[in-house]
Amino acid sequence: MACLLEAPLRISVLSEVTATSRHYVDRLFDPDPQKVLQGVIDMKNAVIGNNKQKANLIVLGAVPRLLYLLQQSSSSLQLRTECAVVLGSLAMGTENNIKSLVDCHVIPTLLQGLLCPDLTFIEACLRCLRTVFISPVTPVQLLYTDPTVIPHLMSLLSSSQRTQEYVTQIFSHCCKTLEHQTVLFNHGAIQSISPMLISPSYKVRMQALKCFSVLAYENAQVSVSLVNVVVDGEQLPQVFVRMMQRDQPIEMQLTAAKCLTYMCRAGAIRTDEGCIVLKTLPCLVRMCSKEHLLEERVAGAETLAYLMEPDVELQRIASTTDHLLAMLADYFKYPSSVSAIADIKRLDHDLKHAHELRQAAFKLYASLGSNDEDIRKKITETENMMDRIVSGLSESSIKVRLSAVRCLHSLSRSVQQLRTSFHDHAVWKPLMKLLQNAPDEVLVMASSTLCNLLLEFSPSKEPILESGVIELLCSLTQSDSPALRVNGIWALMNMAFQADQKVKVEIIRCLGTEQLFRLLSDPDSNVLMKTLGLLRNLLSTRPHIDQIMASHGKQIMQAVTLILEAEHSIEVKEQTLCILANIADGNTAKDLIVTNHDMLQKVKYYMGNSSVKLQLAATFCVSNLIWNEDDGAQERQDKLRELGFVDVLHKLTLSSDPNLSDRAKTALQQYLA
């Protein structure tokens with residue numbers, strides 16, 4: 001019986017709520033301005049903390065009417081201010097509320113409202129704009145559409161502490177690109193915001209600090225300017241150092257550390273300066289301890305990873321500071337018990353976000369182990385580390401998978417780890433699985449790691465080969481992403497090194513000669529270099545050289561000719577001449593060079609080149625062609641003598657480069673034997 005009553009009861013409650021909401025909206029249309037004002041004030045009180053009421057009012061069309069009243073010059077200043085306050089309150093609701101406000105053009109209307117001279121009204125408009133702009137659903141570009149907006153917002157910074165707080169918060173959230181940083185920088189953001197770092201208001205100081213962190217991120221121009229700023233007689237880096245002291249709120253310590261980190265990474269502060277080594281790095285390590293909140297530990301680890309990524313000395317210092325490696329191991333055990341977190345809401349939040357800790361830990365491990373062999377060893381010896389990485393590779397969170405594979409890539413630079421931990425835990429299996437279906441960002445990192453696992457001394461090379469990896473790698477070489485093309489061809493190059501004939505034939509079959517030669521004309525020089533490396537590895541050992549040249553000689557010689565004739569770097573041409581030297585080492589393959597007058601002239605030309613590298617490679621090619629132990633050596637020697645090669649070799653014996661001189665002497669000895 002109760003079930004029958006339930007539906008009508010719900011309908012009546014809903015219609016009652018809607019009726020109440022409609023009453024608020026209807027009052028906005030009253031001809032008496034005083035009643036309209038009272039209606040807006042009542043609406044303000046009704047929506048505070050009531051998301052359902054906010055949604056109802058938006059559906060019933062309150063927003064366009066509030067915006068209309070806010071824009072009317074006939075509306076009293078109090079009414080216009082109250083309208084801005086209600087709009088700000090509606091914006092505090094759900095993301096759908098924000099979308100509705102943006103769709104009703106709340107941003108241009110409120111920006112226009114900032115031209116009013118009344119400070120209370122300006123603050124109400126800014127508060128609403130701040131709430132709208134900090135939402136992830138608001139297109140930040142709306143702040144930059146009208147070029148007069150940024151300078152006007154800058155001019156409002158001196159009006160009050162509230163305008164300072166709201167404007168800097170808007171800037172922080174709307175500064176997403178280099179272009180945005182440049183606009184703010186050019187309109188004097190540094191000069192306008194820096195005095196706010198010593199404001200009596202904590203909120204103002206904090207927002208100014210956040211603003212500097214987003215302005216300095218990966219921006220050398222801003223970072224260099226910040227170093228020279230003086231606030232109340234103190235240079236800005238020192239102000240930031242003061243803000244990192246332990247007696248400051250954690251949020252402030254962390255944001256000040258970010259500012260110095262970004263300035264350091266942008267090249268404005270040296271990595272060995274005291275403010276980095278003695279202040280920023282220890283502060284960030286401190287943030288990783290388990291007494292801090294989850295988001296603080298995540299931000300601490302990620303910022304520290306970014307700070308020391310390119311600097312081996314900082315990596316060494318960090319790895320021995322406050323037992324950091326053991327501290328990071330705790331990131332995988334969180335939350336360990338309910339008792340540790342008394343607040344149920346907090347526990348629920350942390351359970352949902354625990355994957356962010358794992359992601360941050362992997363990222364920091366990757367950064368720590370990117371250069372130093374001893375640190376890598378310590379990382380792999382941390383409890384269950386390899387098992388954790390293997391688990392991370394198959395987590396549902398894409399960010400965790402990416403960080404885990406980044407960590408694996410960092411450790412895969414170690415010969416010792418490839419031979420031990422990587423083999424013991426068969427990490428190639430989850431890595432191969434990850435390569436089957438992943439976004440490009442993960443694919444790039446996973447295929448980079450695979451390149452290292454396919455090196456000659458890696459025990460994983462054989463099982464990976466047997467798993468049918470060649471097809472997968474060949475498909476990567478056809479990617480639109482240059483990074484994926486490089487990794488695909490690089491892995492094939494490593495695979496072809498000292499490989500069996502069967503593997504080499506399979507690579508050529510699977511890649512196809514058309515694709516191979518397409519890669520030889522790739523616009524990306526890294527792709528070209530790795531393709532030449534692959535070709536060089538394929539054309540090694542005589543039977544292999546002869547067999548491959550017998551079936552593909554014409555195309556390969558054509559490709560070599562094109563590269564030697566075109567505008568390419570010395571490295572590319574050196575690699576190409578080395579391929580030619582390998583061909584010259586074949587029994588039958590060398591005829592493809594000897595019978596090609598044009599090619600011989602090219603070799604001779606490069607023997608006289610200004611680059612010693614190219615002279616060496618060309619001379620090596622000649623040496624292989626005239627090697628007197630090979631069949632038909634006499635005819636080849638005579639032919640090259642006729643073409644003037646012997647004279648060139650005599651000149652090269654006088655070279656100031658000992659390697660080139662020795663190589664030329666070795667070649668000449670073939671004529672004497």
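The values are calculated or read from the model by the stated rules, or taken from the named source; none is laboratory data. Values in this document were obtained by computation on a predicted structure and should not be read as measured data. In this analysis, Cβ positions are derived from the backbone assuming ideal geometry, glycine residues included, and neighbour counts consider all displayed protein chains. Note: accessible area is taken over every heavy atom of the protein model, side chains too, but ligands, DNA and RNA are not part of it. Shrake-Rupley method; radii C 1.70, N 1.55, O 1.52, S 1.80 Å.
Could you tell me which of rounded, prolate or oblate describes segment 398-526, using a ≥ b ≥ c as the square roots of the eigenvalues of the alpha-carbon gyration tensor, with rounded for a/c under 1.5 and, failing that, prolate when a/b is larger than b/c and oblate otherwise? Can you show the working numbers first?
Numbers: a/c = 1.88, a/b = 1.24, b/c = 1.51.
Cα axes put segment 398-526 in the oblate bin.
Apply the Kirkwood formula to segment 258-355: the hydrodynamic radius equals the inverse of the mean of 1/r over all pairs of different alpha-carbon atoms; give it in Å with one decimal.
14.4 Å is the Kirkwood radius here.
With a cut-off of 8 Å between alpha carbons and a minimum separation of six or more residues, what is the relative contact order of segment 98-176 in percent?
Values: 63 pairs, mean separation 24.7, N = 79.
Computed over segment 98-176, the figure is 31 percent.
Quick one: pull the percent of accessible area on segment 403-474 belonging to carbon and sulfur, 1.4 Å probe, ligands and nucleic acids left out. Spell out each step's value before the answer.
Values: 1390 of 2850 Å².
Ligands and nucleic acids excluded, carbon and sulfur give 49 percent.
Give the relative contact order (percent, whole number) for the chain; include only Cα pairs under 8 Å separated by 6+ residues. Don't skip to the end; give the middle numbers.
Numbers: 853 pairs, mean separation 30.7, N = 673.
Relative contact order of the chain: 5 percent.
Hey, if we sort Glu395, Glu567, Glu462 by accessible area with the 1.4 Å probe, largest down, what's the order? Walk me through the intermediate numbers first.
Numbers: Glu395 40, Glu567 180, Glu462 100 Å².
Most to least solvent-accessible, the answer reads Glu567, Glu462, Glu395.
What does the highest-first list of 650-662, 292-304 look like by mean Cβ count within 10 Å?
Numbers: 650-662: 13.7, 292-304: 21.8.
The most tightly packed comes first, giving 292-304, 650-662.
Send over a whole-number figure in Å² for the accessible area per residue of the chain, probe 1.4 Å. Write down the numbers at each step before the final one.
On the way: 30570 Å² over 673 residues.
Each residue of the chain exposes 45 Å² on average to a 1.4 Å probe.
Report, in debye and to the nearest 20, how large the dipole of segment 464-601 comes out about its Cα centre when Lys and Arg carry +1 and Asp and Glu carry -1 on their Cβ. Show your work: numbers first, answer last.
Numbers: 11 positive and 16 negative charges, 49 e Å.
About 240 debye.
How big is the charge dipole of the chain about its Cα centre, in debye rounded to the nearest 20, if each Lys and Arg gets +1 on its Cβ and each Asp and Glu gets -1 on its Cβ?
Working: 65 positive and 71 negative charges, 201 e Å.
Result for the chain is approximately 960 debye, rounded to the nearest 20.
Could you go through segment 268-273 in sequence order and give the Karplus-derived ³J(HN,Hα) for each residue, using 6.51 cos²θ - 1.76 cosθ + 1.60 with θ = phi - 60°, rounded to whole Hz, and x for Gly and Pro?
Working through the residues one at a time gives 8, 10, 6, 5, 9, 6 Hz.
Hey, of [x] 37.9; [y] 41.6; [z] 39.4, which did the structure itself give for mean projected area of the Cα convex hull in nm² when calculated?
After the calculation, the listed value that fits is [y].
Determine the gain in length on full extension of the stretch Asp272-Ile134; use 0.36 nm per residue of separation and subtract their C-alpha separation, reporting nm with one decimal. If you can, show how the numbers build up before the last one.
Values: separation 138, 0.36 × 138 = 49.68 nm, distance 3.62 nm.
Extra length available between Asp272 and Ile134 comes to 46.1 nm.
Ranking request for peptides 360-368, 324-332: highest mean number of other beta-carbon atoms within 10 Å first, then the rest in descending order.
Values: 360-368: 27.3, 324-332: 19.0.
Per-residue mean Cβ counts within 10 Å order the peptides as 360-368, 324-332.
Could the peptides 379-385, 349-355, 118-124, 88-94 be put in order, highest first, of the mean number of other beta-carbon atoms found within 10 Å of their residues? Spell out each step's value before the answer.
Numbers: 379-385: 16.4, 349-355: 14.7, 118-124: 18.9, 88-94: 22.0.
The densest-packed peptide leads the list: 88-94, 118-124, 379-385, 349-355.
Given a 1.4 Å probe and every protein chain left where it sits, what share in percent of the accessible area of segment 120-268 is carbon and sulfur?
Details: 3030 of 5960 Å².
For segment 120-268, the apolar C and S fraction of the accessible surface comes to 51 percent.
Given the DSSP H assignment, sum -39500 (n - 2.57) over each helix run of at least 4 residues in the chain and divide by its residue total; what's the result at 222 nm in deg cm²/dmol, nearest 500?
Numbers: 42 runs with 476 residues, N = 673.
Rounded to the nearest 500, it is -21500 deg cm²/dmol.
To the nearest 20 debye, what charge dipole does segment 41-116 have about its Cα centre, counting +1 at the Cβ of each Lys and Arg and -1 at the Cβ of each Asp and Glu? Walk me through the intermediate numbers first.
Numbers: 6 positive and 4 negative charges, 14 e Å.
With Lys and Arg at +1 and Asp and Glu at -1, about 60 debye.
Keeping the other protein chains in place, figure out the carbon and sulfur percent of the accessible area of segment 479-604, with a 1.4 Å probe.
Working: 2770 of 5330 Å².
For segment 479-604, the apolar C and S fraction of the accessible surface comes to 52 percent.
Compute the relative contact order of segment 254-379 as a whole-number percentage, counting only Cα pairs closer than 8 Å that sit 6 or more residues apart in sequence. Walk me through the numbers before you get to the answer.
Numbers: 135 pairs, mean separation 34.1, N = 126.
Relative contact order here is 27 percent.
Starting from the Cα gyration tensor of segment 51-185, take the square roots of the eigenvalues, sort them a ≥ b ≥ c, and report rounded, prolate or oblate (rounded when a/c is under 1.5, otherwise prolate if a/b is larger than b/c, else oblate).
On the way: a/c = 1.91, a/b = 1.26, b/c = 1.51.
The shape class here is oblate.
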